[in-house]
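To start, the structure under review is shown below, and the notes come after it.
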Amino acid sequence: MQNLYYKPSGKTSPISLLFLLIAIAIGAPIIAFIYSYAILYIPLIYLNILCLFGAAFGIGFVANFVVGMGKVRNKTVAMIFGLIVGLAGLYVSWVVWIYDHANASAFVEVSYMDLLTNPKALWGIIWEINVHGTWGIGRSGGAVDGIMLTIVWIIEALAIVGVSVFFAYSKACEPYLENDDDWAETTKIGPFELIEDITSLKQELETQKYEQLHALPKEEAGRTKSYTSLLLYHGQKKEQAKEFYLTVNNMMEDYDKDGKLSFDEKTQISFIRISKEAGQQLFARKNTMLPAGATEE
């Protein structure tokens, strides 16, 4: 059936270029600057890894922001934007790190602007550091150089750039309501008892039948076992919303070695279009599931 699932229109807005410029001139460089000085002055390699994760997610958030504010509904353009933001963050992190390392060693004295505006000079210093080595692992560890150091740098680049591209792409895949000229709002509905036969529900939704959806039993166990949660995408004004999309997630219980409970989200159905009547009925169902005295989010 045509238009059964949400599909991005492929459109974008010219203002997205402005947000992209802001991101590569301000957003990504600030995060990269903080990240570089953190790994320069934190001697513990394990904390450096945490800093890398933080920087990757921070720059990824910037890329997500660019796509969101720029109303980018083209997945290819979003990935290119994510790539540019990620590379900008990575480049600035290299500039900051090389500046400190080069000026504190016998390599050469350089300024930030020398490195920022001269990629060839930056690459030359990077090559020299790769040959001679730099930090070590552990208190008695020797300098890491050559292939090992290259692998570490590749992992860093893949983390920063890869997360940025992924965040940008993910945002572009989210439902955008063309009639409202805005991204869809989301409302969580549930928890419901775990849906074991997801195929049956999917087949009904694809034929625009909603009896099973509206008959989902409420989870009464206080979320101490696996359950199902619905995510409804709709316009900002719920009462007037005409376009609805639904994502079905199974939240699977998991216990760590200390017996602490957590839930792994497993998406079963993504962005399937449902009727206006079905969407409004889900809103009504949510209201009946709220605890006494609680207000709707």
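The values are calculated or read from the model by the stated rules, or taken from the named source; none is laboratory data. The shown structure was predicted, so the numbers you read here are calculated from the model rather than taken from an experiment. Cβ coordinates were reconstructed from backbone atoms using ideal geometry, including for glycine residues, and neighbour counts include every protein chain displayed.
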Does segment 83-94 include one or more residues that are at pLDDT below 95, in contact with a Leu (Cβ under 7 Å, 6 or more places away or on another chain) and under 17 Å from PRO119 (Cα atoms)?
yes
Positions within segment 202-216 being farther than 19 Å from ASN3 by Cβ and in a loop (DSSP other than H, G, I, E, B), in sequence order
ALA215, LEU216
Here the residues within segment 232-266 that are more than 17 Å from GLU193 (Cβ to Cβ) and hydrophobic (A, V, I, L, M, F, W, C) are LEU232, ALA241, PHE244, LEU246, LEU261
Among the residues of segment 60-88, the number that are closer than 25 Å to ILE155 by Cβ and more than 16 Å from the chain's Cα centre (by Cα) is 2
